[in-house]
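To start, the structure itself, in structure tokens.
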Amino acid sequence: ETGVTQSPTHLIKTRGQQVTLRCSSQSGHNTVSWYQQALGQGPQFIFQYYREEENGRGNFPPRFSGLQFPNYSSELNVNALELDDSALYLCASSLVHQAMNTEAFFGQGTRLTVV
Amino acid sequence: QKEVEQDPGPLSVPEGAIVSLNCTYSNSAFQYFMWYRQYSRKGPELLMYTYSSGNKEDGRFTAQVDKSSKYISLFIRDSQPSDSATYLCAMISNAGKSTFGDGTTLTVKP
């Protein structure tokens, strides 16, 4: 186990609703990255938070937003859910000063289904 | 065209076989090359990473990078049923952005 925990593990939401996913990073890690993994595809980078500030963002619309807290845990919020948002959402924690985040540890993911 | 293309598989091999997993990429800015293993219903687990052309060994696993051809490979020797998983290649650019392949699902049959 990596020490990165995500909650909930599974979630079903209706189109148009809002959802909040949570991630507790590994002890000592100050950086959290969020990814979306659709079925049969690789993870797609959503954004990264370092010391409570957004530190890079992928090609996702503004209805995907996030927070990082002083204890370095993080939330991913998605507004106005669409059917295509159905995916596995992964968070990964790391120490940003390590080489280009190669030492990132993933949580088990939250499986979101939008109906 | 995707920046990272991974051989789609699926791949099914007998126990003990040598497995070759491959990715090509188009972005010359990629500097770090990783391989992850992802079991069903789990997050990806980092297997190996490298930043230079050549080979890197770790037990039964060998990662190979050819920057001139923009081609990376992961070799698994003496494959075991416990190696059955989806293998993802990933690359990080000099801007720190990571890009994953879509994965190859491997089944090792006893």
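Where a number appears in this text, it was derived from the coordinates with a stated rule and is not lab data. All figures in this text were calculated on a predicted structure; none of them were measured in a lab. So basically every Cβ, Gly included, is an ideal-geometry build from the backbone, and we count neighbours across all protein chains shown.
Run the reach check for B:K42 against aspartates and glutamates, Cα to Cα strictly under 17 Å, same-chain hits fewer than 8 apart removed. What comes back?
Output for B:K42: A:E1, B:D83, B:D102.
Just how far, in whole angstrom, is the stretch B:33-49 from the stretch B:79-110 if you go by their alpha carbon centroids?
If you average the Cα positions of each part, the centres end up 6 Å apart.
So which lysines pass the test for B:K2, namely a Cα distance under 19 Å, with those fewer than 8 places away in the same chain ruled out?
Straight-line reach from B:K2, under 19 Å: B:K67, B:K70, B:K97.
For chain B, what is the relative contact order in percent, using Cα pairs closer than 8 Å and at least 6 residues apart in sequence?
Contact order relative to length: 37 percent.
Among B:K109, B:K42, what is the fewest-to-most ranking by other Cβ atoms within 10 Å?
B:K109, B:K42
Taking the simple approach of a point 7 Å from Cα along Cα-to-Cβ for both A:T14 and A:N30, what is their distance in nm?
Roughly 4.4 nm, to one decimal.
Could you list A:V32, B:V19, A:V115 so that the one with the fewest beta carbons within 10 Å of its beta carbon is first and the one with the most is last?
Starting with the residue having the fewest Cβ neighbours, the order is A:V115, B:V19, A:V32.
Quick check: pseudo-label points 7 Å beyond the Cα along Cα→Cβ at B:Q80 and B:K2, how many nm apart are they?
For the pair B:Q80/B:K2, the computed spacing is 2.9 nm.
Given the options A:Q26, A:Q18, A:Q37, state which has the largest fluctuation in a GNM of chain A using a 10 Å cut-off (strictly under) for Cα springs.
Greatest mean-square fluctuation among the candidates belongs to A:Q18.
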